[in-house]
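In what follows, a single structure is set out as structure tokens and then discussed.
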Amino acid sequence: MTQYSKHTNGRLRLFKWISILLPFLLLAFVEIALRMFHYGHDLHLFIEYPADKNYLVLNPAASKRYFTNQANATTGNAEPFKKEKDAGTMRIFVLGESTTIGYPYFHNGSFHRWLQYRLMHDYPDRRFEVINISLTAVNSYTVLGFAREVVNYEPDVILIYTGHNEYYGALGVGSTDRIGGARWVVNLLLLLRQLRIVQWLTNTYEHLAGLFRGHSAGSPRTRMEAMVADEEIPYGSKLYQRGIDQFKENMGETLQLLDQRHIPVFISNLVSNEKDLSPFISIAADSTKHAGFIKNYTEGKTAFDKGDWGAAYRSFRTAEGIDSMYAQCNYYLGRLTLRQGDPGQAKAWFSRAEELDALRFRAPSPMNNIIPRLAAQYKSIHLVDARAAFEARSEYGIIGDELLLEHIHPNIYGYALLSDAFYRAMKAAGMFATYNSADTSALSLEQLRHSMPVLEMDSLVGEYKIGKLKKSWPFNQGSTTSTPGTSTPGSVAPTPDSTGLSPVASIEARLAHGIVFEKLDWEDAMDTLYNYYSGIKQWSKAAKVVEALALEHPTEVAFYDRAANIYGELKDDMNAVCWFRRSFSLSPDFEKAHKIFVLYLKQDRPVDAMPFLDYAIRNNASGLNLTPVKQLTQEIIQLQQTLRTDPGILNSIAAKYLAMGNREGATRYIDSALKVDPGNKEALSLRGR
């Protein structure tokens, strides 16, 4: 080969490599240019908190990776947490979908806020960061994607509640945002969507598709309706099984990842409305059996509407014998069997009706079987049996309207119950074993329900949203069937106009109506509500507003201080000291320490008072002589370790409390001494003083 031939072949190889690399170089150039001009979105899970660069917060654009139609993409909570986790902090991340984020209440209606409130009261010595990164209209693909990133942010615990959106959530097998093919294809596309050039191509496609679709007539569709592509997914069909397989594979990978990182995970099984929600879609019988089924089903429905329960049961049983796959027939049999006093059999009928409902807004039962099996495979994974907790508090042990608002979302009590199920599971697993909490000070579920700052306005917001939802598809369609003439009314909730809660009935109702129907900002509504309550001197209600805002803004000390001061004015020392302590943990100073140890001594809790008394002495800029108070406090602690029914000791403790000016503490022991010995002269003398 000549020298000329060698040079020619070398050039040819160079040109070939250039031709191969040129498209990639061009794509890289376009990608860099798009980033330089700030086109598209950074899709990382967290971004720097705009209000404080020392904190991170959920990226509002994080969901865009999972939605083909960006108009359907949802945003979650803005719950800041520190970039550098403080020592002793327990960081809890919450992953899931609409139930997990607290729909329709959001804010403090969400189960994680109930949990947060309980933890801060039960374990005042510890700091908890509870960060909910759940989104509406997503499923296990998003949970898996978020889990891959969240492991890098020092989680101490991860809580998961997901499964109902596997068919119609983003990338669901029956959704308008689905992507055909194997999971690796979906995962590859999710990876590519982080590129700005892919985002540009997606937006261009959506724009062009929108031009061809034009504007549809009629009222705008809800996101719930817009996400559904396949309204009928029959039981046992390929699409039905694909949804189950997708959930199993995604959640299996999620839990395996978290277990490998030795991160404790608490994953709950799922709850749904069986007893009080008719199936959305029932699929008709085989044509060879169709006539016999329709005849008996129609006779059963006629008898049921007339209240002839016996005839209705016989006709529906005959119809079910002809076609056992008709969801609505099974539901009627559940209703009738319950009337007959057989809740066990009724539950079986209701469960089958839910399973056969072809509109898959409720997770099929195999998913509730997958969750405990997956949890049992890994040491770090713990099952939360929320379903058992809900059944235990449901009439006949069948979950219905007592705890759920419609098909899957809990009411206020339901969210409290869900939080309790997670709390108990975490406590049983020893997650709080190293924390100090006196059993006497721990909140019971009923105490939590009474004290939790979920306002009347928040409750009405939920009612109005559900009323609005149930006026839209699929609730306003009744029980949809493909058997002519067999449609029955669905379980439709009262609308805002029929709840008896008129938008003008009270300020709470007016504000709730404004939030739901007039785009009033929740924060503005809370400000109005606080000013109203404080204006009419309803300080206990004003305190709840401030508590709610403190939970919403856990880094803002001003809310803690305001809540503490209001409870101090109300002589509610327990709540006052709780909020002062939360404020002190974020911004310690002498004044707060002074207020805290005084409040603890008034409550006869000298051991709890000592750390704050010591801090006040070390940081005393006021000139107060606190050494005698410390000496008396130490003496009281020593006396309390002896027999407390000895009148002499009771009198001594009372005298020491009186010496430091603590009338409340002194009175407690004087009364105890006089109860033991009504004629006790020293106690009577102390009372006189």
Inset, instruction - Among the residues of region 305-325, write down those that are in contact with a helix residue (DSSP H, G or I) (Cβ under 7 Å, 6 or more places away or on another chain) and either crowded, with 24+ Cβ neighbours inside 10 Å or not in a helix (DSSP H, G or I) (or both). - result: F316, A319, D323, M325
Legend entry - Filtered residues of region 90-123 (kept if modelled with pLDDT of 95 or more and of a type in the set (S, T, Y)): S98, T99, T100, Y103, Y105, S110, Y117
Legend entry - Residue among K64, K82 that alone is farther than 27 Å from V545 by Cα and of a type in the set (D, E, K, R): K64
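So, in region 650-678, exactly how many residues are of a type in the set (V, I, T), over 14 Å from P606 (Cα atoms) and surrounded by 17 or more Cβ atoms within 10 Å (Cβ to Cβ)?
1
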Legend entry - Residue that is within 24 Å of V173 (Cβ to Cβ), outside the structural domain of A425 (by TED's automatic domain parsing), free of Cβ contacts under 8 Å to residues at least 40 places away in the same chain and within 39 Å of the chain's Cα centre (by Cα), where the choices are R352, R339: R352
Inset, instruction - Determine if region 259-271 includes at least one residue that is in a loop (DSSP other than H, G, I, E, B), of a type outside the set (G, A, S), touching a His at 6+ places or on another chain (Cβ under 9 Å) and in contact (Cβ under 8 Å) with a residue 40 or more places away in the chain. - result: yes
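If we scan region 341-358, do we find a residue that is of a type in the set (A, V, I, L, M) and within 29 Å of L159 (Cα to Cα)?
Within region 341-358, none of the residues are of a type in the set (A, V, I, L, M) and within 29 Å of L159 (Cα to Cα).
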Inset, instruction - Go through G252, G300 for me and flag whichever is in contact with a Cys (Cβ under 9 Å, 6 or more places away or on another chain), part of a helix (DSSP H, G or I) and either at pLDDT 95 or above or among the basic types (K, R) (or both). - result: G300
Inset, instruction - Could you check T627 against (1) more than 35 Å from the chain's Cα centre (by Cα); (2) buried (at least 20 other Cβ atoms within 10 Å of the Cβ) and say which number it fails? - result: (2)
Legend entry - Residues of region 605-623 satisfying the condition of being surrounded by fewer than 19 Cβ atoms within 10 Å (Cβ to Cβ) and in contact (Cβ under 8 Å) with a residue 24 or more places away in the chain: V607, M610, N619, N620, A621, S622
Inset, instruction - Just need a number here: residues in region 92-114 that are of a type outside the set (V, I, T) and either outside the structural domain of L418 (by TED's automatic domain parsing) or closer than 15 Å to F422 by Cα (or both). - result: 9
Legend entry - From I179, I158, residue being of a type in the set (A, V, I, L, M), in contact with a helix residue (DSSP H, G or I) (Cβ under 8 Å, 6 or more places away or on another chain), closer than 22 Å to N77 by Cα and assigned by TED's automatic domain parsing to the domain that holds V228: I158
Inset, instruction - Determine which single condition E274 fails, assuming it passes every other condition in (1) at pLDDT 95 or above; (2) of a type in the set (D, E); (3) loosely packed, with under 15 Cβ neighbours inside 10 Å. - result: (3)
Legend entry - From the options F46, F37, F29, residue that is of a type outside the set (S, T, Y), over 24 Å from G172 (Cβ atoms) and in contact (Cβ under 8 Å) with a residue 12 or more places away in the chain: F46
Inset, instruction - Inspect region 7-19 for any residue being within 30 Å of S134 (Cβ to Cβ), loosely packed, with under 10 Cβ neighbours inside 10 Å and either hydroxyl-bearing (S, T, Y) or modelled with pLDDT of 75 or more (or both) and give the result as yes or no. - result: no
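Among the candidates V94, V57, which residue alone is closer than 30 Å to V545 by Cβ and out of contact with any helix residue (DSSP H, G or I) (no Cβ under 7 Å at 6 or more places or on another chain)?
V57
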Inset, instruction - Evaluate the following for A285: is it in contact (Cβ under 8 Å) with a residue 24 or more places away in the chain, in contact with a Ser or Thr (Cβ under 9 Å, 6 or more places away or on another chain), surrounded by fewer than 23 Cβ atoms within 10 Å (Cβ to Cβ) and not in a helix (DSSP H, G or I)? - result: yes
Inset, instruction - Working only within region 552-575, note down all residues that are under 20 Å from Y55 (Cβ atoms) and of a type in the set (S, T, Y). - result: T555, Y560
Legend entry - Among residues of region 119-135, those that are assigned to a loop (DSSP other than H, G, I, E, B) and surrounded by fewer than 24 Cβ atoms within 10 Å (Cβ to Cβ), counted: 4
Inset, instruction - Search region 547-588 for residues being surrounded by fewer than 19 Cβ atoms within 10 Å (Cβ to Cβ) and β-branched (V, I, T), and hand back the single one that is nearest to V130 (Cα to Cα). - result: T555
Legend entry - Enumeration of residues in region 337-365 that are more than 18 Å from F280 (Cβ to Cβ) and surrounded by fewer than 23 Cβ atoms within 10 Å (Cβ to Cβ): T337, L338, R339, Q340, G341, D342, P343, G344, Q345, K347, A348
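The values are calculated or read from the model by the stated rules, or taken from the named source; none is laboratory data. Treat the numbers as computed from the prediction; the structure is a model and nothing was measured. Reconstructed Cβ throughout: ideal geometry from the backbone, glycine too, with neighbour counts over all protein chains shown.
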